[in-house]
């Protein structure tokens, strides 16, 4: 029986993880669940899965749930998240949104835990720190992102023979919108991803291709690659999830139906594979695959991410934090779609790269970038 804790259980990845588990519940036990404020859905999950531990964002919700589920230990806030990350299980599924996942991941790795990672912002900000913790304490990070899972499966344990790794990108909802003025793009348009079912923040990042830039940085730390070994290719069909080019010219491609339950199941079942009731690709679907180099002029987020990946240090944390603030401001209607990446660029231009010596350095880089981003938003709004 495998024991699993899910951080972000009411979100897109969390609910899909529970869907995967439902097909294999005879050998999976849900030990813990952590969620934000969707208490109605979380209550249903507690009722179905009977976890020993639950964490919510707010104290009042914790009090309410504790009365309803007296046999479950329910806590709240960041201390609750960190404590839950230290509870020994076979796999922690980390699917929180944004930087909030940093402290729980640090705690989990410090306890030698296995983390199935779908929360990319913390590894972008603190990949160097995570790498050190894994070497010291024996914890592991297993990729859940479809692209990074595809890379993992294409590597076959090889590292020294790699020439180039390509992460594929659908291009998002505006890839074909040549000549369109994107300044008037609405939130609903931005989150309408053509292929993947994702959360709102991740969908907006996919529309700007910032998501792919973050994934490039994530891949560096997950697989111990150099920045010049990583590239992006636009693949609108989203059937090829990654390609690994070897030094002899061989190119390994991972092909699969675009459904996050596939990489989730692989992360939970590895080194085995679980049967999944997902559609199987037909040969006719593979006859029209296309690949294009990215347009760095139309998608400047990629340019920023490649440069930040080269510099490293505190710069990835600054970029990720500024982007979180920018996406939130866009979704709240305070800035336009086309303001987001220039805002991130402004923050990076005002940031001095620094070395990371521990979690405090990462937190400080994140804090300063958020301050700069919010000031930049105020200046933008004053000019209008």
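Assorted remarks:
- Selection from the range 101-110 of residues that are surrounded by fewer than 19 Cβ atoms within 10 Å (Cβ to Cβ) and closer than 18 Å to residue 324 by Cα: 103
- Unmet requirement for residue 364, which otherwise passes all of (1) more than 16 Å from residue 379 (Cα to Cα); (2) in contact with a helix residue (DSSP H, G or I) (Cβ under 6 Å, 6 or more places away or on another chain); (3) at pLDDT 95 or above: (2)
- The residues on offer are 273, 334, 298, 354, and the sole one that is surrounded by 12 or more Cβ atoms within 10 Å (Cβ to Cβ) and more than 27 Å from residue 375 (Cβ to Cβ) is 298.
- Failed item in (1) out of contact with any strand residue (DSSP E or B) (no Cβ under 7 Å at 6 or more places or on another chain); (2) more than 28 Å from residue 131 (Cβ to Cβ); (3) crowded, with 22+ Cβ neighbours inside 10 Å, with residue 74 passing the rest: (1)
- Meets criteria (over 20 Å from the mean Cα position of the chain (by Cα), in contact (Cβ under 8 Å) with a residue 60 or more places away in the chain and in a helix (DSSP H, G or I)) for residue 338: yes
- Residue 96, sole failed condition from (1) touching a strand residue (DSSP E or B) at 6+ places or on another chain (Cβ under 7 Å); (2) surrounded by fewer than 21 Cβ atoms within 10 Å (Cβ to Cβ); (3) under 27 Å from residue 308 (Cα atoms): (2)
- Scanning the range 134-156 for residues that are loosely packed, with under 13 Cβ neighbours inside 10 Å and more than 21 Å from residue 109 (Cβ to Cβ) returns a single hit, 156.
- Within the range 111-133, considering residues that are over 20 Å from residue 8 (Cβ atoms) and without any contact (Cβ under 8 Å) to a residue 60 or more places away in the chain, the one surrounded by the most Cβ atoms within 10 Å (Cβ to Cβ): 133
- Residue in the range 139-156 that is assigned by TED's automatic domain parsing to the domain that holds residue 8 and more than 17 Å from the chain's Cα centre (by Cα) present: yes
- Residue ranges of helices (runs of 4 or more DSSP H) in the range 163-271 with at least 2 members modelled with pLDDT of 95 or more, farther than 18 Å from residue 298 by Cβ and under 16 Å from the mean Cα position of the chain (by Cα): 210-223, 261-269
- Any hit, the range 285-298, residues being within 16 Å of residue 206 (Cα to Cα), assigned to a loop (DSSP other than H, G, I, E, B) and within 20 Å of the chain's Cα centre (by Cα): no
- Residue within the range 53-63 that is surrounded by 14 or more Cβ atoms within 10 Å (Cβ to Cβ) and over 25 Å from the mean Cα position of the chain (by Cα) present: yes
The values are calculated or read from the model by the stated rules, or taken from the named source; none is laboratory data. From a predicted model like this one, the values you see are computed outputs, not experimental measurements. Cβ coordinates were reconstructed from backbone atoms using ideal geometry, including for glycine residues, and neighbour counts include every protein chain displayed.
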